[in-house]
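Take a look at the structure below.
The values are calculated or read from the model by the stated rules, or taken from the named source; none is laboratory data. The structure presented is a predicted model; accordingly, all values stated were derived computationally and were not measured. Neighbour counts run over all protein chains shown; Cβ positions are idealised from the backbone, glycine included.
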Amino acid sequence: MQVLHYIVADDIWSVEIWDIIKCAIPRNSCGSGIIKTTCIKHVFESCCSSYGDHDYELRSLRPVHSKRFFLIYMEIMSTKLLDMVLGIVWWFGDEVR
């Protein structure tokens, strides 16, 4: 049975690490997706596939935009975490105390 996978390999720092990661990734025709990120040019080139994937080279964010993105992301994640914790407390009621 073939399974659809969606994999994110973020901030790959070396060709050797990518070689290890890609050995663990299943290859099938189910339309699985792999997102790979790196800031290192030769690592990007080694991650580029030769079998029909789409590889994009993007510019890095400027520090001010990176900080803004991080703060927005943290606000969203902290809100989700708080909602999850409150949901657990509500679900278990007095058993949590």
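Listing for the model above:
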quantity	calculated
Matching residues in the range 28-42 - criterion: being out of contact with any strand residue (DSSP E or B) (no Cβ under 8 Å at 6 or more places or on another chain) and at pLDDT 80 or above	Thr38, Cys39, Ile40, Lys41, His42
Which numbered condition Ile88 misses (of (1) modelled with pLDDT of 75 or more; (2) part of a helix (DSSP H, G or I))	(1)
